[in-house]
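Participant: If you scroll down you'll find the structure; I have some questions about it.
The values are calculated or read from the model by the stated rules, or taken from the named source; none is laboratory data. Bear in mind that the values here come from a model prediction, so they are computed numbers and not experimental data. Counting neighbours? That spans all protein chains shown, and the Cβs are built from the backbone with ideal geometry, glycine included.
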Amino acid sequence: MTISRTSYLFFVGLFCFQAALGQKKAGNSPLVSYVDTANDGYGYKNLHGDIIIPAGKYSFCFTDTFRTYAVVSLPPKGFVAIDRKENILYTVFPFDNGPDYVEDGLFRIVKDGKIGFADAATGKIVIQPQFACAWPFEKGRAKVSLTCETKSFGEHSTWISDKWFYIDKQGRKIRQPSR
């Protein structure tokens, strides 16, 4: 069976038309961070180079490609996650002079002095803030405590607790791993 040139062109045109209609709206396309060196500010542009979030609104943009959420520095609030409408979603746990590192696909967040976890791919909260202390996830589990004390050693500090336990990525308490 052979397809005529006219039929072929018709189907190619139809495919192109459907592809054009099926494209995401411009509001869903990623934004990219930029720096305005003249004013020492950070912001976001769309893929056409149009400024969407002007430089200087945030003191630093930690997320280089802004899809559904971005982590930015917003003094005096600290490191925060924002959505595409620039609503603050939550505060990101500060670690090593920046926002918390992503470990096992999650990072720590803070609300009312308690620590929880958000998904790095989507920015959604996966474990509500409820822990006084929480270490990053490693191999699908995190060491947490509902009560702890922070002990400082100069510019460094550590957490001390007699009631550590482990949770899985759904926030369920699990058995302590064997060494």
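Participant: When region 96-120 is examined, which residues are found to be in a loop (DSSP other than H, G, I, E, B) and surrounded by 12 or more Cβ atoms within 10 Å (Cβ to Cβ)?
Facilitator: Just the residues of region 96-120 that are in a loop (DSSP other than H, G, I, E, B), to begin with: 96-97, 100-102, 104-105, 112-113, 120.
Hits for region 96-120 are Asp100, Tyr101, Val102, Asp104, Gly105, Ala120.
Participant: Moving to a separate point now. Where residues in region 12-50 are under 27 Å from Lys77 (Cβ atoms) and in a helix (DSSP H, G or I), which of them is modelled with the lowest pLDDT?
Facilitator: Checking each candidate, the answer is Gly27.
Participant: Follow-up question, since we're still on this one. Show me the strands (runs of 3 or more DSSP E) entirely contained within region 51-91 in which 1 or more residues are within 10 Å of the chain's Cα centre (by Cα) and not assigned by TED's automatic domain parsing to the domain that holds Ile115.
Facilitator: Counting at least 1 such residues, we get 69-74, 78-83.
Conditions (1) over 27 Å from Ala142 (Cα atoms); (2) out of contact with any Pro (no Cβ under 6 Å at 6 or more places or on another chain); (3) free of Cβ contacts under 8 Å to residues at least 12 places away in the same chain, marked per residue:
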{"residue": "Phe62", "(1), (2), (3)": "no, no, no"}
{"residue": "Ala70", "(1), (2), (3)": "no, yes, no"}
{"residue": "Leu74", "(1), (2), (3)": "yes, yes, no"}
{"residue": "Arg84", "(1), (2), (3)": "yes, yes, no"}
{"residue": "Phe93", "(1), (2), (3)": "no, yes, no"}
{"residue": "Glu103", "(1), (2), (3)": "no, no, no"}
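Participant: Going residue by residue through region 133-154, is there one that turns out to be assigned to a loop (DSSP other than H, G, I, E, B), closer than 24 Å to Ser29 by Cβ and not assigned by TED's automatic domain parsing to the domain that holds Asn46?
Facilitator: Checking region 133-154: not a single residue is assigned to a loop (DSSP other than H, G, I, E, B), closer than 24 Å to Ser29 by Cβ and not assigned by TED's automatic domain parsing to the domain that holds Asn46.
Participant: Consider region 131-148. How many of its residues are at negative phi, touching a residue at least 24 places away in the same chain (Cβ under 8 Å) and surrounded by fewer than 17 Cβ atoms within 10 Å (Cβ to Cβ)?
Facilitator: 1
Participant: Of (1) within 16 Å of the chain's Cα centre (by Cα); (2) of a type outside the set (S, T, N, Q); (3) within 21 Å of Ser73 (Cβ to Cβ), Ile127 satisfies all except one. Which?
Facilitator: It fails just one condition, (3).
Conditions tested, residue by residue: (1) at pLDDT below 95; (2) closer than 14 Å to Ser33 by Cα; (3) not polar (S, T, N, Q).
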{"residue": "Tyr58", "(1), (2), (3)": "yes, yes, yes"}
{"residue": "Phe62", "(1), (2), (3)": "no, yes, yes"}
{"residue": "Thr65", "(1), (2), (3)": "no, yes, no"}
{"residue": "Val80", "(1), (2), (3)": "no, no, yes"}
{"residue": "Arg84", "(1), (2), (3)": "no, yes, yes"}
{"residue": "Phe93", "(1), (2), (3)": "no, no, yes"}
{"residue": "Asn97", "(1), (2), (3)": "yes, no, no"}
{"residue": "Glu103", "(1), (2), (3)": "no, no, yes"}
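Participant: Which one of these does Leu9 not meet: (1) at pLDDT 95 or above; (2) surrounded by 10 or more Cβ atoms within 10 Å (Cβ to Cβ); (3) not assigned by TED's automatic domain parsing to the domain that holds Arg141?
Facilitator: All conditions pass for Leu9, except number (1).
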